[in-house]
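These notes concern the structure reproduced below.
The values are calculated or read from the model by the stated rules, or taken from the named source; none is laboratory data. Please read all numbers here as calculations on a predicted model, not as lab measurements. Positions of Cβ are generated from backbone atoms using ideal geometry, with glycine treated the same way; all protein chains shown enter the neighbour counts. Surface areas here come from the heavy atoms of the whole protein model, side chains and all, with no ligands, DNA or RNA. Shrake-Rupley method; radii C 1.70, N 1.55, O 1.52, S 1.80 Å.
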Amino acid sequence: MMENLIQKFLELYGNDGEYRTYFAPGRVNLIGEHTDYNGGHVFPCALTLGTYAVAKKREDRNLRFYSMNFDSLGVIESDLDDLIPHEKASWTNYPKGVMWAFEKRGYKLTHGLDILIYGDIPNGSGLSSSASLEVLTGLILKDMFGFDNISMIDIALIGQDSENNFNGMNCGIMDQFASAMGKKDHAIFLDTNTLNYELAPIELADAKIVITNSKVKHSLVSSAYNDRRNESEAALKKLQTVIDIKALGELTNEEFEAHKDVIEDEIQKKRAKHAVYENQRTIDAVAALRNNDLVRFGELMNASHESLRYDYEVSCEEIDILVDLAQAIPGVLGSRITGGGFGGCTVSIVKNDTVDTFKEEIGKAYAEKVGHEAEFYVVDIGNGAHRLN
Ligand code: GLA
């Protein structure tokens, strides 16, 4: 596949100069949803699906971008003196946002670039194609311009900054962190309050992690997401009038229960409850995994979904159908929505000998109920972003 990318790259940009190749993965989050901007824990892993790039430096300050996912858009041109978001710039607003965030931190980009990308993360699936593109761009800039003092965690933070302040989506750090810091066959237990993290081996002897793509993406995702974030922050402000905390993630369930009535708004109270309890569930789930207690891990995933459905209200009909179908199958240990919500994918832990039944039964019932097919991916956990050549 890389050969096709390189061939197209040389066709478009000529074969003078040194090109380099890179990859940055998408992610799936096992548990700990909508906790990352609330100072809680998350537990994502990097996928082997992701975004690939071929890139080389130019002599001038021009930027040329080409995506093999959007051939019809052709080469999109810009330059380093135009690092502001434009609607017509389409997907290139992501790499340009990262360039903007580098410059903002004082890292001078002295040359333009020719870039070609291709991604195999299904579009709109909520498996973080945009974060992978941001981290990919960060890695290209670090490597091509020799910014050796920028760490991969910095690249994740730069990606988040660009998404928040250039592309207007107020996401937390989880997706970029997973894409930058992932490790093959491990999930990342990340405390988003401190950015301390541990890699936990995922060796499921008799089970697989299965992603089911609902193939729906409801509109207004980013505005609904930003609303949730505002509601959580409003709840935090109320709690801060009676208790000394900086983030909801600092509270135990018991502390929350003792103080929750200071939040008068019922919606805000539900949002905060989710953030606090989900954080606790994530800590418990990682402990269960360490004890090889996959049954408990699955129960916590189910409880996570329940909370995201009723308290945080980021699920939707199609996703609930998938989760209800999955949870009803013996041999499914747990199933929940994953990612930002309002469509996208579920993640399930499925016993090896149930995977075929899982796909068949859910595939059939979902198509009957919803009118289009779901897609299934058995997860391979891959490495974080890296240079290929
Ligand atoms: C999106 C955001 C993440 C995180 C999840 C929900 O993927 O980009 O930062 O908030 O939603 O857990």
Taking segment 1-53 and keeping only residues that are away from the ligand (no atom under 16 Å from the Cβ) and assigned to a strand (DSSP E or B), one is left with Arg20, Thr21, Tyr22, Phe23, Thr48, Tyr52, Ala53
Looking at this structure, is Tyr94 assigned to a helix (DSSP H, G or I) and open to solvent by 50 Å² or more (accessible area, probe 1.4 Å)? yes
Residue check, Ser348 open to solvent by less than 10 Å² (accessible area, probe 1.4 Å) and either over 30 Å from Ala367 (Cβ atoms) or in a helix (DSSP H, G or I) (or both): no
Exclusive hit being in contact with a Leu (Cβ under 7 Å, 6 or more places away or on another chain) and surrounded by fewer than 22 Cβ atoms within 10 Å (Cβ to Cβ), set His218, His186: His186
Inside segment 309-322, can you point out the residues that are in contact with a Lys or Arg (Cβ under 7 Å, 6 or more places away or on another chain) and either within 16 Å of the ligand (Cβ to nearest atom) or farther than 17 Å from Asn213 by Cβ (or both)? Asp311, Tyr312, Val314, Ser315
Here the residues within segment 118-136 that are touching a residue at least 60 places away in the same chain (Cβ under 8 Å), on the phi < 0 side of the Ramachandran plot and open to solvent by 10 Å² or more (accessible area, probe 1.4 Å) are Tyr118, Gly119, Asp120, Ile121, Pro122, Ser129, Leu133
Which one of these does Ile319 not meet: (1) part of a strand (DSSP E or B); (2) open to solvent by less than 10 Å² (accessible area, probe 1.4 Å)? (1)
Looking at segment 354-369, is at least one residue modelled with pLDDT of 95 or more, within 22 Å of the chain's Cα centre (by Cα), among the small types (Gly, Ala, Ser) and open to solvent by 10 Å² or more (accessible area, probe 1.4 Å)? no
Considering only residues of segment 45-62 that are closer than 20 Å to Ile31 by Cα and of a type in the set (A, V, I, L, M, F, W, C), which is most open to solvent (accessible area, probe 1.4 Å)? Leu49
Positions within segment 370-385 being in contact (Cβ under 8 Å) with a residue 60 or more places away in the chain and either under 17 Å from the mean Cα position of the chain (by Cα) or part of a loop (DSSP other than H, G, I, E, B) (or both), in sequence order: His372, Glu373, Ala374, Tyr377, Val379, Asp380, Ile381, Gly382, Asn383, Gly384, Ala385
Please specify each residue of segment 147-178 satisfying the condition of being in contact with a helix residue (DSSP H, G or I) (Cβ under 7 Å, 6 or more places away or on another chain), open to solvent by less than 20 Å² (accessible area, probe 1.4 Å) and within 12 Å of the ligand (Cβ to nearest atom). Ala156, Gly159, Glu163, Cys171, Gly172, Ile173, Met174, Gln176, Phe177
Subset of segment 230-249 [surrounded by fewer than 18 Cβ atoms within 10 Å (Cβ to Cβ) and either of a type in the set (A, V, I, L, M) or touching a residue at least 24 places away in the same chain (Cβ under 8 Å) (or both)]: Ala234, Val242, Ile243, Ile245, Lys246
